[in-house]
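The values are calculated or read from the model by the stated rules, or taken from the named source; none is laboratory data. What you are looking at is a predicted structure, and each value in this text was computed from that prediction instead of being measured. Using ideal geometry, Cβ is built from the backbone for each residue, glycine included, and neighbour counts are taken over all protein chains shown. Please note that ligands, DNA and RNA were not included when accessible areas were found on the heavy atoms of the full protein model with its side chains. Shrake-Rupley method; radii C 1.70, N 1.55, O 1.52, S 1.80 Å.
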Amino acid sequence: MQIKDLDFYYGDFQALKNINMDIEENIVTAFIGPSGCGKSTFIKTLNRMQDLVPGTKVDGTITLDSDDIYSKDYDVNILRKRVGMVFQHPNPFPKSIYDNIAYGPRTHGIKDSHELDHIVEESLRGAAIWDEVKDKLQRKATDISGGQQQRICIARAIANNPEVLLMDEPTSALDPISTNKIEDLIQELKQKYTVVIVTHNMQQAARISDKTAFFLTGEVIEFDDTEKIFSNP
Ligand code: ADP
Ligand code: ADP
């Protein structure tokens, strides 16, 4: 994704200032920086989640495969399929595990049960949780552990066949073992998807990302290979 001259306002307050960034495919890009510096706002501009907040204004352009995602005729529903999102607090629907994953494909017109079964299995495998849940697909997704719920949310995003996966502090609410699992999973996911992760945890950015953007009061003050960012004295 290419971000050019992006400004973002909540009313009169400018939360993002002149962001220019090229988010490369098939790598992990991490956004770090102190609380309130605009990481969350920025990641949510990438699938137009943040323009749902009343009174906001966006200037500049964001393109995905040369589509201008903020242009008037670009369909936001298609965008949110192409750019999936996972949040800090796992938020599966209060439905069965199966229905959580099948939800997106169903809303896009897939009805054939064999095809849905296939998508559900492949998505759960892609999120490294198939073996744990294959015998309880009818169980409510809110009745499993937090770490498992987060991987269900990742599988739900994968089921839409996205190009980009956005993750806003995906492990902050999880225990260390679940965090490790998701960090390992992210290394798998980048083989297939462009991954963008917001984290307040510098060590995590150093461990799992290829490129790191450092935010400060709405600006990107450094954007480079993660190795270089973390070897700076
Ligand atoms: P971070 O993710 O780095 O903690 P945020 O993107 O959440 O930062 O916030 C950036 C700035 O925008 C902060 O000053 C925050 O208070 C402000 N902000 C975030 N969301 C809103 C909102 N819905 N309305 C008004 N201001 C907001
Ligand atoms: P998260 O880290 O899970 O994204 P945040 O604490 O950043 O959660 O924000 C939670 C919600 O509160 C978001 O929808 C954000 O836009 C909103 N928010 C954050 N700061 C402000 C603010 N200063 N005024 C109004 N809403 C805000």
Give, as residue ranges, the strands (runs of 3 or more DSSP E) completely inside the range 1-109 that count at least 2 residues that are polar (S, T, N, Q).
13-22, 56-64
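To keep it simple, each residue is scored yes or no on (1) hydroxyl-bearing (Ser, Thr, Tyr); (2) farther than 18 Å from PRO90 by Cα; (3) open to solvent by less than 30 Å² (accessible area, probe 1.4 Å); (4) in contact with a Leu (Cβ under 9 Å, 6 or more places away or on another chain).
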residue: ILE110; (1), (2), (3), (4): no, yes, no, yes
residue: ILE177; (1), (2), (3), (4): no, no, no, no
residue: VAL195; (1), (2), (3), (4): no, no, yes, yes
residue: MET202; (1), (2), (3), (4): no, yes, no, no
For the range 1-32, which positions are more than 16 Å from ligand 2 (Cβ to nearest atom) and of a type in the set (Asp, Glu)?
ASP5, ASP7, ASP22, GLU24, GLU25
Considering only residues of the range 33-70 that are of a type in the set (A, V, I, L, M, F, W, C) and away from ligand 2 (no atom under 15 Å from the Cβ), which is nearest to PHE215 (Cα to Cα)?
ILE62
What strands (runs of 3 or more DSSP E) completely inside the range 122-233 contain at least 2 residues that are under 30 Å from ASP99 (Cβ atoms)?
164-168, 194-198
